[in-house]
Amino acid sequence: MGFLLICALIWLVALGWAWRRHTHHAKDTLYRDLLAAGGLVLATLAFFWRVVSGDVYQPADGGDLVSFLFPTYHFAAAELARGTLPLWNPTLYGGAPFISDIQAGFLYPPNLLLFLLQPNFGYPTMQWLVLGHIAWAGIGMYLLLRTLGWPNTPVSRPAAIFGALAFMFCDSFLVHLGNLNLIALLSWLPWVLAVYSRGLANRDDRGGIWLAVASLLFALANYAGHAQSSLYLGLALGIYTLGWAFSQWREDGWRGVGASALRLAIVGILALLLTAPILLPAIELTAYTERSGFNYQDTTAFSLAPTQLIGVLTPGFFGRGPALHWSLWDRVETPFAGVATALLAVGALLMAPSDLRRRLWPWIGIAAIGLGTALGVYAILHGWLTLLIPPLAQMRAPARALILWNLGIAVVAAVGVNILLRTGQDALAGTGGIHWRGLLRRGAQLWFAIILPLGYLTLFLTQESETTFLRASVALLALVFAALWWLGTWAVVAGLRAGWWSSMTAAGLLIALLFFDLTSAGAYTDVSPLDPTIGFEHPAIVDFLRADPDRFRIDTRTDIDSLWQPDTAALYGLEDVGGIVNPLALQQWQAQWEATGGRATRAYDMLNVKYVIVRDGTLLPEGKFELAFDAPGDLAVYSNSTFMPRAWVVHDARVASDVANALSQIQAPDFDPLATVILLDNEELAGSTPYGPLTGPLDPGSSQATLSAATSSSLTFHVNAAAAGFLVLSELWYPGWQATVHTTVEGDEQTMEQMVIHANGSLRAVPIPAGESTVELHFRPLGWRWGQVLAGLGLMGVAVLVWSARRVRNVS
């Protein structure tokens, strides 16, 4: 709430400054744009008033917002509060590269600001982040529409507000309220396009500055952490560039096409360089996740079925929200941005003069390609794009491309409102206007003379089947709403034509009509008064686990998801062998888990699991697990009496040809992890280490390893070894971990960099000398280090671009 008050204060100060400018220069009307921005924020608060008041949560179960992002952000905030940059996350899946999981979004500036200022934020803050970005999307759309020339002047403010509402409350945002990454990144889409369009249109000295700003905004958006949305943002820039170049063909010809392509390349390259610190680690991670094995059929999951195109007019025909969805197809977003939006977009195409229609082609292209891509498996365009843009081949849910449809149709509809405002009577009296009014009239007749009567007849005929009757009721309700909003749009246009109200009044009516249409479709969808974070609330268990001074993991992979949120460990700084289902989880950890053969084996003990959390009455291997804490409610904590420490020393080694072979060896009955280590494809280390030959198995108590210091991305062990051997860690192997061994020989301290070896399937091992030594491990992935270098080059590129533009201005 304090942050909201600060934002409101800043807005009031800016409004006062703009009003003062207006009093000195009457033509300066910036204050009106600030009022419009404030109005869009108020519209967001009004739309989500039940969430704002604390009455309900939306979405009802929280989606990714509660199950993944809330604990992930808390982990990042806690690490930053300790002064640690969390490159590695030890809390889930036995440990995973945090910087490589682009969804984590912890370097996104708004998130960083939150983490640094309020590290102990609650779940409502997450919802405020969502609402804030939806408002930001609307303000950006308003800015875009007020930036573009049609052909030489921007659309009016009412038209821009109409387009902003259509975009910010479109189905692409409302269906993904639980996916903050997606909403945050896509909220920057109109902002990037607004700035980029200036850079594309300005061939003078200012063009370079606009391109530099577009690059910075594009990169900033990417840090929100949704790769698929980043690709769609880039695709929008590409389509707009192509459409712009050909709309200027008469004036510029091929030279203009080349110049436009160069500007696109500059923005794209700079944005990639600036995003490199998260992009390179993410690319490296992909090879180790299930996405590396995706085929085309996998990527087309959650495609927009052609039957769902009815969503252009009503998103609720097949049920709104997960509770009432009844079709045979996946529940995905629909191409809905309001009935009035669709009708006014058609009106714009029919009534616009030729020069204006030519400028609409880039936006029509963005909308058409977005819709064609969203169809996924039902259309060939998505398949072609996976060939042209290979990263798309590793991403599911083509329906998310509908954001491009919503962007394009919102722009075209805003132009339609603008035509009514500026040439209302003339436009409606022209040939295109006559055709459009005829379409509205015949459509209304069709709705009320045929479609709705048939709907009510279906309702009457299906009463004997409860399921069929429910589905018919849901569909008819959606059709009634669509018919009413169609009738309302026709009435506003007919009233304008008849002279019942002015163009400005008509625009206000259309804005109100659209807002209430969008609220009826989405404001109360998938809401619940139940707190979705209840699965995190286990204070007694958390206190019990935190009281144990050992370094250990817990095991919650016991079918307790309905009681215990899978990512709870990240929220409270615990360490778990499990976590929420995540396509970016490492495949090798899943293979390691499956190779344990159950909780009765030494391979399971090797994972450092000291406690298992289960439902009361769950059976565990006898003689190994004992009740440690009978928590209030339905959960209990059992201790593993044979769990192994986080690290231990061995003096014997075997070699495995690959991970599968290593995993089969650790399953062998005679394998003792405290005596022998299985090294992956390392014949030269099987009999000797850099510190001397291996002696073979020794008494397990003859060598000791103690964890002396730890952060999320580093570990330090004090080792006392009876002979040269290996420090074996119950830590997941992943490229980027580096080891340094400090030892003292005849009074001289020696330091040696050592390789971190793939061991015991997917764990780590480090060669160590006889005697006392200190082993330090740090996670410094190559992609992160190179990414920082490339980001520096990107900043230099931006600086050069700005400097060149200013130099040209000074010379001229």
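The values are calculated or read from the model by the stated rules, or taken from the named source; none is laboratory data. Given the structure is predicted, the values throughout are model-derived calculations rather than measurements. We place every Cβ from the backbone using ideal geometry, glycine too, and count neighbours over all the protein chains shown. Side chains are part of the model used for accessible areas, which takes the heavy atoms of the whole protein and leaves out ligands, DNA and RNA. Shrake-Rupley method; radii C 1.70, N 1.55, O 1.52, S 1.80 Å.
Here are some notes:
- The one condition in (1) closer than 30 Å to Ile102 by Cα; (2) at pLDDT 90 or above that Val332 fails to fulfil: (2)
- As a summary of the residue check, His176 satisfies the conditions (1) outside any helix (DSSP H, G or I); (2) out of contact with any Asp or Glu (no Cβ under 8 Å at 6 or more places or on another chain) except for the one numbered (2).
- Number of residues in region 102-116 that are of a type outside the set (S, T, N, Q), in a helix (DSSP H, G or I) and more than 16 Å from Leu4 (Cα to Cα) equals 6.
- Counting residues in region 501-518 that are without any contact (Cβ under 8 Å) to a residue 12 or more places away in the chain, at negative phi, open to solvent by 20 Å² or more (accessible area, probe 1.4 Å) and in a loop (DSSP other than H, G, I, E, B) gives one or more.
- Look at (1) touching an Asp or Glu at 6+ places or on another chain (Cβ under 8 Å); (2) closer than 28 Å to Asp652 by Cα and you find that Gly771 fails only one, number (1).
- Residue that is nearest to Met752 (Cα to Cα), among those in region 688-705 that are within 47 Å of the chain's Cα centre (by Cα) and either among the small types (Gly, Ala, Ser) or loosely packed, with under 13 Cβ neighbours inside 10 Å (or both): Ala705
- Whenever a residue of region 116-133 is more than 19 Å from Phe48 (Cβ to Cβ), its partners that are modelled with pLDDT under 95, lying with C-beta atoms within less than 6 angstrom and at least six residues away or across chains, give the pairs Pro119/Ala81.
- Odd one out for Gly696 among (1) closer than 25 Å to His718 by Cβ; (2) of a type in the set (Gly, Ala, Ser); (3) touching a Phe, Trp or Tyr at 6+ places or on another chain (Cβ under 7 Å): (3)
- Yes/no for Leu182 being assigned to a loop (DSSP other than H, G, I, E, B) and either touching a residue at least 24 places away in the same chain (Cβ under 8 Å) or at positive phi (or both): no
- Evaluation of Ile209 against (1) surrounded by 24 or more Cβ atoms within 10 Å (Cβ to Cβ); (2) at pLDDT below 95; (3) among the β-branched types (Val, Ile, Thr) (one fails), failing number: (1)
- Looking at region 535-605, the helices (runs of 4 or more DSSP H) lying wholly inside it that each contain 1 or more residues that are under 16 Å from Asp630 (Cα atoms) sit at 539-546.
- Annotation note: Cβ proximity below 7 Å between a residue of region 652-670 that is of a type in the set (Val, Ile, Thr) and a residue that is assigned to a strand (DSSP E or B) (sequence gap 6+ or interchain) occurs for Val655/Leu679; Val659/Leu680; Ile666/Ile678.
- Selection from region 628-646 of residues that are part of a strand (DSSP E or B) and open to solvent by 10 Å² or more (accessible area, probe 1.4 Å): Ala628, Phe629, Asp630, Tyr638, Ser639
- All conditions in (1) crowded, with 24+ Cβ neighbours inside 10 Å; (2) of a type in the set (A, V, I, L, M, F, W, C); (3) under 24 Å from Leu402 (Cβ atoms) hold for Leu220, with the sole exception of (1).
- Within region 157-175, residues that are open to solvent by 10 Å² or more (accessible area, probe 1.4 Å) reach partners that are outside any helix (DSSP H, G or I) with beta carbons closer than 6 Å, at six or more positions or on different chains, in the pairs Val175/Glu333.
- Qualifying residue in region 751-769 (condition: surrounded by 18 or more Cβ atoms within 10 Å (Cβ to Cβ), under 28 Å from the mean Cα position of the chain (by Cα) and part of a loop (DSSP other than H, G, I, E, B)): no
- Checking Ala521 against (1) in contact with an Asp or Glu (Cβ under 9 Å, 6 or more places away or on another chain); (2) part of a helix (DSSP H, G or I); (3) open to solvent by 20 Å² or more (accessible area, probe 1.4 Å); (4) not charged (D, E, K, R), the condition it does not meet: (3)
- Candidate set: region 24-64, residues that are of a type in the set (Asp, Glu) and in a helix (DSSP H, G or I); chosen: the one surrounded by the most Cβ atoms within 10 Å (Cβ to Cβ): Asp64
- Verdict on Ala259 being closer than 25 Å to Gly243 by Cβ and open to solvent by less than 40 Å² (accessible area, probe 1.4 Å): yes
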